[in-house]
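Since every read-out is calculated from the coordinates, none of them should be taken as a lab result. Bear in mind that the values here come from a model prediction, so they are computed numbers and not experimental data. Counting neighbours? That spans all protein chains shown, and the Cβs are built from the backbone with ideal geometry, glycine included.
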Amino acid sequence: MPIKSLDELRALRASLQKQVDLREKGESTEDVVEILVGMGTCGIAAGARDTFNKLLAVTEAKGLNVKVISVGCVGFCHMEPTIQVNLPNEEPVIYGKITEDKVEELVETVVVQRKLMDENYLIKSFGKAVL
C-alpha cells in the first residue's frame, strides 16, 4: 500500500508505535509477550527453525498470549539460536543457545514465572552486555 500523504505516514507511524515501544523499551499497555527468533543463516544452521516451531507449539498448548516472530540476524552467531523476549513493562532480554530442548524451560521460566534463565541470557540491559 503506497503512502500518499504526510497524514497517512503519521497514521501508520502511530499505529505501529506500540510495537516499537515493546521491542525497544519493554513499554506496553497490553499484556502480550513477543519472542523474536533470530533466523539468519547461522541461526537456521544451529537449529533456530526447530526452536521457532517448538515455541509456537508450546505457547499455543499453554494458551499464552505470545507472539513468536521470525527476524533476521541478531548478531550473536556464536550463540545461535538466539531469541529476544519482550515482556510488557520490562526491558527486552536476549538469550543464546536456545535449542529446541530448552524451549519448554524458557517458556515456563521467562514467560510464565517472569524470571531470567541464568545460564542462557546474553543481554538483560541494552545499556550493558553481560557476555
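Which ordering of CYS42, CYS77 is given by a fewest-first count of other beta-carbon atoms within 10 Å?
Fewest-to-most ranking of CYS42, CYS77: CYS77, CYS42.
Is there a quick way to get the dipole size of the stretch 6-123? I mean about its Cα centre, with the Cβ of Lys and Arg at +1 and of Asp and Glu at -1; what is the value in debye to the nearest 20? Each step should come with its number before you reach the end.
Numbers: 13 positive and 20 negative charges, 39 e Å.
Charge dipole, the stretch 6-123, about its Cα centre: 180 debye, nearest 20.
Picking from ILE69, LEU106, LEU16, whose Cα lies most toward the positive end of the charge dipole for the stretch 6-123 (charges on Cβ: Lys, Arg +1; Asp, Glu -1)?
After comparing all options, I get LEU16.
Along its principal axes, what span do the Cα atoms of the stretch 48-131 show, with the longest given first and each in whole Å?
Computed over the stretch 48-131, the largest-to-smallest principal extents equal 34, 27, 21 Å.
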